[in-house]
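Below you'll find the structure, written out as structure tokens, and then a few comments.
Where a number appears in this text, it was derived from the coordinates with a stated rule and is not lab data. Being a predicted model, the structure only gives us computed values, none of them experimental. Cβ atoms come from the backbone with ideal geometry, glycine included; neighbour counts cover every protein chain shown.
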Amino acid sequence: MRLFARHAEPATAGPSPTDVKRAYDLGRKDERDRHHGHPVLGLIIAVAAVIGCGALYLGLHEGSFSRAGQVVDEHLAVAADHGQVASQAAAQTVAEAGAAAQQAGQTLRQNDQQSLQR
């Protein structure tokens, strides 16, 4: 009987590497399911980040963040003016289309009444 075995391998107690990998994969799947993001929120955050990067670039390009703010304000004012003109033009077009539809309805009524009188 040998009391001290030189090359004896220790007994392994615990999960096998396959069990560990399976548990790890299951944990990753559970966390993915638990932490899913909302696509619209992600889009809003991405747009805000792009706008922020643009503001930083503009500030560095202009040499002053206050001048960059003035440039942004000027561009927003121009865009607002263009938007107002476009909305007024669209409103005018809708009004003209409504008037044409009313005229067409009146013409149909007149033609219908004339055909009933004959």
If we ask which residues in region 55-69 are surrounded by 14 or more Cβ atoms within 10 Å (Cβ to Cβ) and hydroxyl-bearing (Ser, Thr, Tyr), their number turns out to be 0
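Would you pick out the residues in region 35-49 that are exposed (fewer than 10 other Cβ atoms within 10 Å of the Cβ) and part of a helix (DSSP H, G or I)?
Result: 39, 40, 41.
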